[in-house]
Amino acid sequence: MTQTITDAATKAAIAAIASESASTKDKIEMLIEMAHGFVKKPKTAQDLWNAIALYQEAENLCGEDYFLLKARAKIGRAGALRAIPNDTEELLLQAQILYTEALPVLQEFASSEEVAEAQMNYGLVLQSLVPFNLAQIGDSIQLYQEALRVFTWENYPQEYAILHNNIAIAYLSMSGGLQQQYLFEGLAVQTFEAALKHINIIDHPREYAMLQNNLGNALQYLPSSHPLDNLVRAIAAYDQALKVRNLKDTPIEYANTIANKANALLNLPDDLSKPETGNQQNFTQARNYYQQAWEIFTKYGQIEQAQVVAQVLAEL
């Protein structure tokens, strides 16, 4: 589907490139580079639409001669479509078509890293289509696993961490009978723990905090004959994440983690050896965390998260 160019600056940029005496190949590369700039740090959804228009223009210039550049423009357009906030499946389905068209070309002519990055992002598209019953979560996991053949922890620790995070979340989203559910949730915990053997707080603090926070979430809801042990492990994981996440540098991530930790504390006795004595201390700490998280979410305009926390506070 051809997108309409709506932003005057984008129209001007395309006109300027068209008027240049550069070769067609150079013009295509300029358009793709400019589009990448919009996608890298979009301030609004309009930036993503502008990128899509630039990628589309690059594709048009490619014709049948520049097939690899055309594939790259399609991959870029697919990534921008996925990033646009939308409650329907329409844009995701457009992205899926672009990935299926472009990936075979990349696999034949591009580097293994470029192919792996495309597989990683295509996996996210499929994962997002699962709730609409338009994709299988297993296909998404398979793409992540293929990307991991290239994105090893030694050479690409950031991608390695993100892929493990995506795989674990995919496992957590899988449904089945009770025994299957236990298996999927156990696999998610194992996936987080496997990544944390290689991702450490000194070299990769952001990825480390992400994995620890999400490990805590998985442990907190893991069915077990020892639920209190899992809550203790979850809180320990959140505490590891909070060695990185803080109010000054990463306020929203910090608020997410303290809200998660509060959930765990609500269900944890103050004294594990005497659970019958209750959890007044943990309850008070949890309420303080929720209050702090609500204030942060409200301050930074995270309305949905603020409403969820406000509802919990009202029930407390």
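The values are calculated or read from the model by the stated rules, or taken from the named source; none is laboratory data. All of these numbers come straight from a predicted model, not from anything done at the bench. Cβ placement follows ideal geometry from the backbone for every residue including glycine, while neighbour counts extend to all protein chains displayed. For the accessible areas, the whole protein counts, side chains as well, though only heavy atoms, and no ligand, DNA or RNA atoms are used. Shrake-Rupley method; radii C 1.70, N 1.55, O 1.52, S 1.80 Å.
Considering the conditions (1) under 19 Å from the mean Cα position of the chain (by Cα); (2) surrounded by 14 or more Cβ atoms within 10 Å (Cβ to Cβ), Thr152 is excluded by exactly one of them, (2). If you filter the range 121-130 down to residues that are open to solvent by 20 Å² or more (accessible area, probe 1.4 Å) and either among the β-branched types (Val, Ile, Thr) or within 21 Å of Ala195 (Cβ to Cβ) (or both), you find that the one that is nearest to the chain's Cα centre (by Cα) is Leu124.
Looking only at residues in the range 24-72 that are under 18 Å from Leu91 (Cα atoms) and of a type in the set (S, T, N, Q), the one that is surrounded by the most Cβ atoms within 10 Å (Cβ to Cβ) is Asn50. Does Ala35 fit the bill of being in contact with a Gly (Cβ under 7 Å, 6 or more places away or on another chain) and either part of a helix (DSSP H, G or I) or modelled with pLDDT of 95 or more (or both)? Yes.
Of all residues in the range 271-287, those satisfying the criterion of being open to solvent by 60 Å² or more (accessible area, probe 1.4 Å) and under 35 Å from the mean Cα position of the chain (by Cα) are Gln281, Gln285, Arg287. Within the range 190-218, being of a type outside the set (Lys, Arg), farther than 22 Å from Asn246 by Cα and either open to solvent by less than 10 Å² (accessible area, probe 1.4 Å) or in a loop (DSSP other than H, G, I, E, B) (or both) holds for Ala195, His198.
Kindly indicate whether Glu114 is open to solvent by less than 60 Å² (accessible area, probe 1.4 Å), outside any loop (DSSP other than H, G, I, E, B) and within 20 Å of Glu193 (Cα to Cα). Criteria not met by Glu114.
Do you know which residues across the range 166-180 are modelled with pLDDT under 85 and not in a helix (DSSP H, G or I)?
Within the range 166-180, Ser175, Gly176, Gly177 meet the criteria.
Residues in the range 85-111 that are modelled with pLDDT of 95 or more, assigned to a loop (DSSP other than H, G, I, E, B) and either surrounded by 13 or more Cβ atoms within 10 Å (Cβ to Cβ) or not small (Gly, Ala, Ser) (or both): Glu89, Ala110. The residues listed here are Tyr300, Tyr221, Tyr238; of these, the one that is closer than 21 Å to Leu196 by Cβ and open to solvent by 20 Å² or more (accessible area, probe 1.4 Å) is Tyr221. For the range 131-141, filtering for residues that are open to solvent by less than 40 Å² (accessible area, probe 1.4 Å) and within 12 Å of Thr88 (Cα to Cα) leaves 0.
Go through Leu187, Leu183 for me and flag whichever is part of a helix (DSSP H, G or I) and either in contact (Cβ under 8 Å) with a residue 24 or more places away in the chain or open to solvent by 80 Å² or more (accessible area, probe 1.4 Å) (or both).
Of Leu187, Leu183, the one residue that is part of a helix (DSSP H, G or I) and either in contact (Cβ under 8 Å) with a residue 24 or more places away in the chain or open to solvent by 80 Å² or more (accessible area, probe 1.4 Å) (or both) is Leu183.
A single entry from Thr6, Thr2, Thr10 fulfils the requirement of being out of contact with any Asp or Glu (no Cβ under 6 Å at 6 or more places or on another chain), open to solvent by less than 50 Å² (accessible area, probe 1.4 Å) and modelled with pLDDT under 90: Thr10.
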